[in-house]
Amino acid sequence: MKNEKQLDPFLEKRLTKYDRWMAKGQISFSSKVIPVAESLDAKQWIMPTEQVLCVLKAAESIAVQDCECRTHYKRCEKPLEVCLLFNEVGDKAVSMGEARHISLEDAADVLKKANESGLVHMSLYMPDHEVFALCSCCSCCCHDLQIIKHTGRNDIMIRSEYVAATDFDDCIHCGDCEERCPFGARIIQDAELEYDSEKCVGCGLCVTICPVEAISMKSR
């Protein structure tokens, strides 16, 4: 059931653009969740569709700018300068004084900082399906995550090919992953963890916070 909450102009503008592109068949979705690199084992890490570093290495140039959504809404204290732009999009932002060019190593540091802050990595797509940006998003400010939350438009974002599996024999029900998960897939009820895999988008944030390594990423 859709939430009937009225979208503000910032979100409505985004959704209108997505609908126009999707109606023309220019995009199948606007964004895709990419797992945190540290949550994938060596075998999984070689899969190019899930590698953040593969996205970065494929870019001719990389720029970083402040997150537009968190700058606009100011609802949390998460890091701002975590939005990575690629090639012509990044170059244009730099020429307009809105971003700065960085190295591959610097970009990796940006992603590490974002993970430590509990942000979700999401690749964003242009009408030609080219990845033009890699954002690190929070559920309180991100335009795509807010649109999904308020309208039920799950079609605009695709989940990663992974899901976070929990070994309940090792789980100590500490609640760290509940606080870490922005999608409500993990909740503590009566001092025990309850996990809904259907709500998991495969971001991997829970894996990197579990103190007993009871969570791992599995192919969806």
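The values are calculated or read from the model by the stated rules, or taken from the named source; none is laboratory data. Predicted, not measured: the structure shown is a model, and the values here were computed from it. Positions of Cβ are backbone-derived with ideal geometry, glycine not excepted, and every protein chain shown enters the neighbour counts. Surface areas here come from the heavy atoms of the whole protein model, side chains and all, with no ligands, DNA or RNA. Shrake-Rupley method; radii C 1.70, N 1.55, O 1.52, S 1.80 Å.
Please pick out the residue among 167, 190, 196, 144 that is charged (D, E, K, R) and surrounded by 13 or more Cβ atoms within 10 Å (Cβ to Cβ).
144
Output the residues belonging to segment 80-120 that are over 19 Å from the mean Cα position of the chain (by Cα), part of a strand (DSSP E or B) and either polar (S, T, N, Q) or closer than 14 Å to residue 66 by Cβ (or both).
100 - this is the single residue of segment 80-120 that is over 19 Å from the mean Cα position of the chain (by Cα), part of a strand (DSSP E or B) and either polar (S, T, N, Q) or closer than 14 Å to residue 66 by Cβ (or both).
Would you please name the residue that is most open to solvent (accessible area, probe 1.4 Å), looking only at residues in segment 170-187 that are under 24 Å from the mean Cα position of the chain (by Cα) and not charged (D, E, K, R)?
Taking the candidates together, the pick is 187.
Please go through (1) touching a Ser or Thr at 6+ places or on another chain (Cβ under 8 Å); (2) hydroxyl-bearing (Ser, Thr, Tyr); (3) under 25 Å from residue 71 (Cβ atoms) for residue 162 and return the number of the only condition it doesn't satisfy.
(3)
What tally of residues in segment 74-121 results from selecting those that are among the small types (Gly, Ala, Ser) and within 18 Å of residue 56 (Cα to Cα)?
Residues that pass the stated criteria total 7.
Would you point out which residue out of 34, 27, 46 is surrounded by fewer than 12 Cβ atoms within 10 Å (Cβ to Cβ) and either at pLDDT below 90 or of a type in the set (Phe, Trp, Tyr) (or both)?
46
Take segment 185-204 and flag every residue that is free of Cβ contacts under 8 Å to residues at least 24 places away in the same chain and touching a Ser or Thr at 6+ places or on another chain (Cβ under 9 Å).
Selection gives 185, 186.
Working only within segment 126-155, note down all residues that are in contact (Cβ under 8 Å) with a residue 60 or more places away in the chain and under 13 Å from the mean Cα position of the chain (by Cα).
Passing the criteria: 134, 135, 136, 137, 138, 140, 141, 142, 143, 144, 146.
Got at least one residue in segment 87-99 being in contact with a helix residue (DSSP H, G or I) (Cβ under 8 Å, 6 or more places away or on another chain), farther than 26 Å from residue 208 by Cβ and surrounded by 13 or more Cβ atoms within 10 Å (Cβ to Cβ)?
Yes; the residues of segment 87-99 include at least one that is in contact with a helix residue (DSSP H, G or I) (Cβ under 8 Å, 6 or more places away or on another chain), farther than 26 Å from residue 208 by Cβ and surrounded by 13 or more Cβ atoms within 10 Å (Cβ to Cβ).
Scan segment 102-117 and tell me whether some residue there is open to solvent by less than 50 Å² (accessible area, probe 1.4 Å), acidic (Asp, Glu) and under 25 Å from residue 184 (Cβ atoms).
No, that holds for no residue.
Failed condition for residue 77, given (1) within 25 Å of residue 207 (Cβ to Cβ); (2) of a type in the set (Asp, Glu); (3) in a helix (DSSP H, G or I), with all others met?
So the condition that residue 77 fails would be (3).
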